[in-house]
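Enquirer: Before we start, here is the structure in question, set down as structure tokens.
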Amino acid sequence: MKWRVLIALALAELLGLTLWFSASAITPTLVLEWQLNEGQSSWLTMSVQLGFVLGTLISALLNLPDILNARYLFATCAFLGALANGAIGLFVDGIYIALGLRFLTGVFLAGVYPPGMKVMATWFKQDRGMAIGVLVGALTLGSAAPHLLKVIGGPDWRTLMLYASCCSLLASLICLLLVKDGPHATVGARFDWRVTGRALANPGVRLANFGYLGHQWELYAVWTWISLFLYESFSASALNNPEHWAALASFATIGIGGLGCIISGILADRFGRTGITIVSMAVSGSCCLGIGLFFGGNPHILTGLCLVWGFFMVADSAQFSTSITELSDPAYIGTTLTLQTCLGFMLTLITIRLVPYFVTEVGWRWAFAPLALGPALGILAMYRLRKSPDVIKIGGERRKTI
């Protein structure tokens, strides 16, 4: 039964999050059709992210994933998000209404991603890292999809928005009909405004959150700008049709992270989450420092290094969330997961905007280097967690005494 739920929930998360992924695919078209400037086009993505941050903040403060059934919250928010997103494809002809609806879409997506992780945790205990790794892996593949659309072509933007909304409606139905609460589910949680404060005061949860913040400092900034980096590099190396190859390489760089999530989840369940996250951040942080040295060089070598980077960059993601499910109050796992997600995505609003500044100041050769600060601090946090008494609560950690 749990394996059926794993497949169904991963599929539902992927379909539901197409609402987010569609923004990257339609932006180039709307820039031309609506004559958007650079700031307006960037807000098509940023508005979703801001809505998601606000939605997760409200959800965490009100304990919504715990006082409400997480499956029903998922299904309801996937449905409402589909309506908000679909309205753009049906009726909208200007940027400002579109931004408002994209903001609402982000708010509703806050009720899709974190509750999905909570439901998954109710089914898996010993192999929870693998299960949540599958979930995050599916979302990683979805994040890569817009780059593939650039390669193979796709429908017009209105049709694409409606497709995304239909996918989210299907996600809502899957969650209602095929996903059930697992044997590790808790009941009876009541609203408690102090939960978020207690979560932040919990030393183990706090260290896992710091590790996650270090990871997020790097991840979304790279995902956002890797395509342009590769395009500029391939152009400088005089590669024929650089836009095509940059899109394909970007899809592979992001998409391979899905495999990284699953493999690292299996290894983390066996050998421990702190070690896996430390190794992942060490590799990805090293890539931040060194990838620019290959800018404008051999496209094959650069692409190969980007694949290594993409694999490790997101391989640790699910393990921070899995650690939270093991370290937090069992009655309020949903709230603590949502708080973690809120803090992480709030940080990405900063780093996504920093990369263009670094490009202007130091060029592409060193633009990603400052992002290595995040993995470095994340490693420190997870090393401290590894040495703390709380480590025995985390699955796969072999040491029982410190």
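Enquirer: From Cα pairs below 8 angstrom and at least 6 apart in sequence, can you work out the relative contact order of the stretch 287-402, rounded to a whole percent? Display every interim value, and only then the final one.
Expert: Details: 69 pairs, mean separation 40.5, N = 116.
With pairs under 8 Å counted, the relative contact order is 35 percent.
Enquirer: Okay, next question. At each listed q (0.06, 0.10 Å⁻¹), what is the log10 of I(q)/I(0) that the Debye formula gives for the chain modelled as equal alpha-carbon point scatterers?
Expert: Debye output, listed in q order: -0.22, -0.62.
Enquirer: Still on this structure, please answer the following. Keeping the other protein chains in place, figure out the carbon and sulfur percent of the accessible area of the stretch 185-268, with a 1.4 Å probe.
Expert: Answer for the stretch 185-268 is 66 percent, counting heavy atoms of protein chains only.
Enquirer: Follow-up question, since we're still on this one. Could you check which residue among 17, 293, 32 shows the biggest mean-square fluctuation in a GNM of the chain with a 10 Å Cα cutoff?
Expert: 32
Enquirer: Also: Tell me, what does the Kirkwood hydrodynamic radius of the stretch 113-196 come to in angstroms if you use every pair of distinct C-alpha atoms?
Expert: This gives a value of 15.7 Å.
Enquirer: I would also like to ask the following. For the chain, what does the accessible surface come to per residue with a 1.4 Å probe? Please give it in Å².
Expert: On the way: 16250 Å² over 402 residues.
On a per-residue basis, the chain sits at 40 Å².
Enquirer: Using θ = phi - 60° and the Karplus form 6.51 cos²θ - 1.76 cosθ + 1.60, what ³J(HN,Hα) does each residue of the stretch 30-36 get, whole Hz, x for Gly and Pro?
Expert: My calculation for the stretch 30-36 gives 5, 4, 6, 6, 9, 6, 8 Hz in order.
Enquirer: Okay, next question. Nearest 500 deg cm²/dmol is fine: what mean residue ellipticity at 222 nm does the chain get from its DSSP H runs of n ≥ 4 alone, each adding -39,500 (n - 2.57), divided by its residue count?
Expert: Rounded to the nearest 500, it is -27000 deg cm²/dmol.
Enquirer: Counting alpha carbon pairs within less than 8 Å and at least 6 residues apart, what relative contact order, in whole percent, applies to the chain?
Expert: 25
Enquirer: Let me ask another. How large is the dipole of the stretch 181-277 about the Cα centre if only Lys and Arg carry +1 and Asp and Glu carry -1, each at its Cβ, rounded to the nearest 20 debye?
Expert: Dipole magnitude for the stretch 181-277 comes out near 540 debye.
Enquirer: Tell me, what are the semi-axes, in whole angstrom and largest first, of the equivalent ellipsoid of the stretch 213-274 as set by the roots of 5 times the Cα gyration tensor eigenvalues? Present the calculation step by step, with values, prior to reporting the outcome.
Expert: On the way: eigenvalues 185, 36, 11 Å².
Largest first, the stretch 213-274 gives 30, 13, 8 Å.
Enquirer: Moving to a separate point now. Between residue 383 and residue 236, what is the spin-label point distance in nm, taking each point 7 Å from the Cα along the Cα→C-beta axis?
Expert: 3.2
Enquirer: For each pair in 125/387; 180/393; 118/180; 2/393, compute the distance between the two Cα atoms and list the pairs where it is over 18 Å.
Expert: Where the Cα-Cα span goes over 18 Å, the pairs concerned are 125/387; 180/393; 2/393.
Enquirer: Starting from the Cα coordinates of the stretch 226-307, work out the convex hull volume and express it per residue in Å³.
Expert: 75
Enquirer: Hey, in the GNM for the chain with a 10 angstrom Cα cutoff, which one of 215, 244, 300 fluctuates hardest?
Expert: Looking only at 215, 244, 300, the biggest GNM fluctuation is shown by 300.
Enquirer: Rounded to the nearest 0.05, what FRET efficiency do residue 72 and residue 194 give with R0 = 25 Å and r taken as the Cβ-Cβ distance? Could you check?
Expert: 0.50
Enquirer: Could you give me the ³J(HN,Hα) list for the stretch 60-72, computed from phi with Karplus coefficients 6.51, -1.76, 1.60 and θ = phi - 60°, whole Hz, x at Gly and Pro?
Expert: Rounded to whole hertz, the list is 5, 5, 8, 6, 4, x, 10, 7, 9, 5, 4, 5, 5.
Enquirer: Could you go through the stretch 159-169 in sequence order and give the Karplus-derived ³J(HN,Hα) for each residue, using 6.51 cos²θ - 1.76 cosθ + 1.60 with θ = phi - 60°, rounded to whole Hz, and x for Gly and Pro?
Expert: 5, 4, 5, 5, 4, 4, 5, 4, 4, 5, 4
Enquirer: On a full-extension model of 0.36 nm per residue, what is the gain between residue 7 and residue 184, subtracting their alpha-carbon distance, rounded to one decimal in nm?
Expert: 61.9 nm
The values are calculated or read from the model by the stated rules, or taken from the named source; none is laboratory data. Just so it is clear, the model here is predicted, and its values are computed rather than measured. Methodologically, a virtual Cβ is constructed for each residue, glycine included, from the backbone with ideal geometry; neighbour enumeration extends over all protein chains shown. Side chains are part of the model used for accessible areas, which takes the heavy atoms of the whole protein and leaves out ligands, DNA and RNA. Shrake-Rupley method; radii C 1.70, N 1.55, O 1.52, S 1.80 Å.
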